[in-house]
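Colleague: Here it is: the structure, laid out below.
Every number in this text was worked out from the coordinates using simple rules, so none of it is lab data. Just so it is clear, the structure is predicted and the values come from calculations on it, not from any experiment. Cβ atoms come from the backbone with ideal geometry, glycine included; neighbour counts cover every protein chain shown.
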């Protein structure tokens, strides 16, 4: 019994030490996803779908990645899904972080996912930088603004994502396609999952 009690004391000391070390090397990241707004008329069906809509994202190795593209095409651990109007809190290592967003504009070819991605997807790399301090909470505030993208076969409603930098400053539209956006068709970075591994349904 004495040996068991001594073992439990040692175990509790080890657990307490590990927990203290974890507390001393991490901070807290909060993704505050505001409720979606829009100036576009939305049908009742679209409004109903928006109730369960949100953003797939992940954080690892000093990078936060947002994606409008389905995560099965992305080579990153997109473990989080935050619905519009909700918040997600995660413990992460303290340090410098960058935010990258994979955007998409409907330019046709939706019946062929590979073609649709090559035409309309792009990567906005490191569009926001911020720091997470030891033991502190850092909040990324995101305002989704729904926009209508008209297509030949179907209309898509996609969010503009306005991110307020934690250090202050004007909101950044992180999924805006600009001259600095990297087209998916020629992007060769680590975020692109090869088509052979993406489980893409193909139309013959």
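Colleague: Given region 27-197, what percent of its DSSP beta bridges are antiparallel, to the nearest 5?
Modeller: Restricted to region 27-197, the bridges split so that about 75 percent are antiparallel.
Colleague: Given a Förster distance of 45 Å, report the FRET efficiency between residue 111 and residue 139 from their Cβ-Cβ distance, rounded to the nearest 0.05.
Modeller: On the way: r = 40 Å, r/R0 = 0.89.
Taking R0 as 45 Å, the efficiency between residue 111 and residue 139 is 0.65.
Colleague: Name the shape class, rounded, prolate or oblate, that the alpha-carbon gyration tensor gives for region 27-197, where a ≥ b ≥ c are the square roots of its eigenvalues, rounded holds for a/c under 1.5, and otherwise prolate holds if a/b is larger than b/c and oblate otherwise.
Modeller: Values: a/c = 1.87, a/b = 1.29, b/c = 1.46.
It is oblate, given that a/c is not under 1.5 and a/b is not larger than b/c.
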